[in-house]
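The values are calculated or read from the model by the stated rules, or taken from the named source; none is laboratory data. In this text, all values refer to a predicted model and were calculated from it rather than measured experimentally. A quick note on method: Cβ atoms are made from the backbone with ideal geometry, for glycine too, and the neighbour counts reach across all protein chains shown.
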Amino acid sequence: MGKDVQGLTVVFTGDGKGKTSAAIGVVLRSLGHSLKCKMIQFIKGTIDSGEIHIADKFGDNFKISRVGKGFTTARKYTQEEHKEAAQKGIEEAVADMEHGVDLLVLDEILYALGKDLVSLEQILEIIDMKPAKMHLILTGRGLPKELEEKADLVTTMQATKHPFTAGIPAQKGLDY
């Protein structure tokens, strides 16, 4: 990155859809500038989400790590198993910052926070240790005031109308 780059902390939050999609949009823009990008997904698990297939096309410039065990409401795993997986994500984020990624996305980390899989202190520590030129994106619902104050940019996705309320399930390519 250039000498005038100031790494920002960005949050995509709210009850509307599009938080991960917005983060992927920033990743694609960064890849266009040959920046090294990493996304750690704290919840999604094994869902066949389109971004996984995109990452494969960018080789070492874009990696996605799926540490999550899936939605915690599914009850397939215990709370402790979900927490262990999220803690591995925290460790991985710290390691990625030390190894020079230009953009790090902690996808669904706010969900993980809301489910007590990670702590507010851990997220604040990650923000504080972020290299000066690295961009950091956090996504998920339930943004605490402390994180809002630390962020350089917060965008709230607001649900005005959603097909789910009309009984339309998530659509491949649009929602995942």
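List of remarks:
- Check on GLY89, farther than 30 Å from GLY32 by Cβ and in contact (Cβ under 8 Å) with a residue 40 or more places away in the chain: no
- The listed residue being surrounded by fewer than 19 Cβ atoms within 10 Å (Cβ to Cβ) and under 16 Å from the mean Cα position of the chain (by Cα), out of LYS69, LYS88, LYS83, LYS19: LYS88
- Considering the range 98-108, the residues that are touching a residue at least 12 places away in the same chain (Cβ under 8 Å) and over 13 Å from the mean Cα position of the chain (by Cα) include one that is surrounded by the fewest Cβ atoms within 10 Å (Cβ to Cβ), namely GLY100.
- The one condition in (1) of a type outside the set (Asp, Glu); (2) buried (at least 20 other Cβ atoms within 10 Å of the Cβ); (3) modelled with pLDDT of 95 or more; (4) in a loop (DSSP other than H, G, I, E, B) that LEU35 fails to fulfil: (2)
- Restricting the range 124-169 to residues that are aliphatic (A, V, I, L, M), part of a helix (DSSP H, G or I) and in contact with a helix residue (DSSP H, G or I) (Cβ under 8 Å, 6 or more places away or on another chain), the residue that is farthest from ASP15 (Cα to Cα) is MET129.
- If the condition is being among the basic types (Lys, Arg) and free of Cβ contacts under 8 Å to residues at least 40 places away in the same chain, then the range 31-56 contributes no residue at all.
- From the options THR155, THR139, residue that is within 24 Å of GLY7 (Cβ to Cβ) and touching a Lys or Arg at 6+ places or on another chain (Cβ under 7 Å): THR139
- Just so you know, in the range 122-168 the residues that are surrounded by 16 or more Cβ atoms within 10 Å (Cβ to Cβ) and among the small types (Gly, Ala, Ser) include one that is farthest from LYS38 (Cα to Cα), and it is ALA151.
- Some residue of the range 102-123 being modelled with pLDDT of 95 or more, assigned to a loop (DSSP other than H, G, I, E, B), of a type in the set (A, V, I, L, M) and closer than 14 Å to VAL11 by Cβ: no
- In the range 47-92, the residue that is nearest to GLY25 (Cα to Cα) out of those that are in a loop (DSSP other than H, G, I, E, B) and of a type in the set (Lys, Arg) is LYS57.
- Hits in the range 8-32 - residues which are among the charged types (D, E, K, R) and at pLDDT 95 or above: LYS19, ARG29
- One residue alone among GLU81, GLU51, GLU98 is at pLDDT below 95 and in contact with a Lys or Arg (Cβ under 7 Å, 6 or more places away or on another chain), and that residue is GLU81.
- Scanning the range 22-32 for residues being surrounded by 20 or more Cβ atoms within 10 Å (Cβ to Cβ) and not small (Gly, Ala, Ser) gives a total of 2.
- Cβ pairs under 6 Å, 6+ apart, first in the range 150-172 and in contact (Cβ under 8 Å) with a residue 24 or more places away in the chain, second among the polar types (S, T, N, Q): ALA151/THR9; ASP152/THR9; THR156/THR13
- Selection from the range 109-118 of residues that are crowded, with 24+ Cβ neighbours inside 10 Å and not hydrophobic (A, V, I, L, M, F, W, C): none
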